Amino acid sequence: MQKENYLPIVIESLIFGKNSDYPLYIKTYEKYVLYRSKALIFSQSDVLRLKNNGVNNLYIRQEDKKKYDEDMINHLNGIISANGISSEDKTVSIYNYSKIYAQYVITTGNLKDTKEQLKQVIETIIEYILVSDLAFINIINLSKYDASEVGHGINVSIYAMALAGRLGFTNKLSLYEIGLAGLTHDIGKLKIPKQLLQKKDLTEEEINEIKKHPIYSKETLIENEFDNSNIINAVVEHHEASNGTGYPYGKIEENISTFGKIIIIANKFDSLARDLPYRIKLEKKDALNNMTLNKELYNNAFLKEFILLIKESDEKMPIVR
Ligand SMILES: [Fe+2]
């Protein structure tokens, strides 16, 4: 019997009230079981029912992926150009749709099959989020609530693109490279056993293994035929430090690429501002203070701009309680 290939999709990505042109599957005991034949409308209560039963992903057949991707992009473009949708709602939609692809890439390590969609998602963020103060504020407000690996990838990507924009990188290609580096910087963690990543008391040997993840990220990008050196350098350098105390190579500032210096700052900030198994998250202000106290780790001119970026957007942030 010929084996069919199935791909995970995020349940929230299904367009409510619209029927899909392809069947949806559930995975039980390593088997894919038909959940809905095509043309059945998927509603909000279906999502709740699935989530209550602990189902987070549905699956589609590989051959239907093109249709699914087209649906997603059409829907996203529809939201952006629609009148009568508030900037806040548009940002929420863009964030959620970015998450669909980010989740796929970050949980599977497969960038090849989503190359085009990733590009479109990042370009949408560049065109919509980065040109509007309000949209940027909305998105950083939203990002507070997502401390997952996927949320972290998106956040680093957005912070890095916003910082790059402020530093004068306004051409789309540079912003795309920085955005993709931000999204994929930790993708190499897939090559490290999960138990090790969640473990609290690590041996020296285990720490050294985890510290290899930037190299594994670089390897994953190359395996996926991403050979752009700007992206690869920024990814492999995301834990380096200006004073040479970072890893994996202990590079000093003059040997760290410009995009690397940007990703280092964006990654550190989002890491400090999120919950991790071994640390409670810091408020934005405290995360920035922490970075200022350790400023020898960063490019100081870039750090200064980043602090202004976050402070300015925080001042403009509506107070939500
Ligand atoms: Fe990392």
- Could you tell me which residue of the range 197-220 is modelled with the lowest pLDDT, considering only residues that are of a type in the set (A, V, I, L, M, F, W, C) and within 14 Å of the ligand (Cβ to nearest atom)? 197
- Query: Is it fair to say residue 225 is within 16 Å of the ligand (Cβ to nearest atom), among the charged types (D, E, K, R), within 30 Å of residue 113 (Cβ to Cβ) and in contact (Cβ under 8 Å) with a residue 24 or more places away in the chain?
  - Reply: no
- Task: With respect to residue 83, determine if the residue is assigned to a loop (DSSP other than H, G, I, E, B) and more than 18 Å from the chain's Cα centre (by Cα).
- Result: yes
- Considering the range 163-195, residues that are of a type in the set (Val, Ile, Thr) and away from the ligand (no atom under 12 Å from the Cβ), and then whichever is surrounded by the most Cβ atoms within 10 Å (Cβ to Cβ), we arrive at 178
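Rundown of residues vs (1) in contact with a helix residue (DSSP H, G or I) (Cβ under 8 Å, 6 or more places away or on another chain); (2) part of a helix (DSSP H, G or I); (3) at pLDDT below 95, yes/no style:
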| site | (1), (2), (3) |
| --- | --- |
| 259 | yes, yes, no |
| 263 | yes, yes, no |
| 267 | yes, yes, no |
| 282 | yes, no, yes |
| 287 | yes, yes, yes |
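Yes/no per residue for (1) assigned by TED's automatic domain parsing to the domain that holds residue 172; (2) among the basic types (Lys, Arg); (3) free of Cβ contacts under 8 Å to residues at least 12 places away in the same chain:
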{"site": "27", "(1), (2), (3)": "no, yes, no"}
{"site": "42", "(1), (2), (3)": "no, no, no"}
{"site": "47", "(1), (2), (3)": "no, no, no"}
{"site": "70", "(1), (2), (3)": "no, no, yes"}
{"site": "101", "(1), (2), (3)": "yes, no, no"}
{"site": "111", "(1), (2), (3)": "yes, no, no"}
- If you go through 237, 253, 296, the only one that is without any contact (Cβ under 8 Å) to a residue 60 or more places away in the chain and under 19 Å from residue 182 (Cβ atoms) is 237
- Can residue 225 be described as outside any helix (DSSP H, G or I) and either over 22 Å from residue 161 (Cα atoms) or not basic (Lys, Arg) (or both)? yes
- Look through 125, 178 and report the one residue that is closer than 22 Å to residue 259 by Cα and at pLDDT below 90. 125
- Here are some conditions: (1) touching a helix residue (DSSP H, G or I) at 6+ places or on another chain (Cβ under 6 Å); (2) within 26 Å of residue 299 (Cα to Cα); (3) away from the ligand (no atom under 14 Å from the Cβ). Residue 252 meets all but one. Which one does it not meet? (1)
- Item | Odd one out for residue 200, checked against (1) within 17 Å of residue 112 (Cβ to Cβ); (2) basic (Lys, Arg); (3) not in a helix (DSSP H, G or I) | (1)
- Message: Suppose we keep only residues that are modelled with pLDDT of 80 or more and assigned to a helix (DSSP H, G or I) within the range 99-115. Which one would you say is nearest to residue 163 (Cα to Cα)?
- Response: 102
- Considering only residues of the range 46-90 that are polar (S, T, N, Q), surrounded by fewer than 16 Cβ atoms within 10 Å (Cβ to Cβ) and within 30 Å of residue 29 (Cα to Cα), which is modelled with the lowest pLDDT? 56
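The values are calculated or read from the model by the stated rules, or taken from the named source; none is laboratory data. Note that the coordinates shown come from a computational prediction; the quantities given were computed from them, not determined experimentally. Cβ coordinates were reconstructed from backbone atoms using ideal geometry, including for glycine residues, and neighbour counts include every protein chain displayed.
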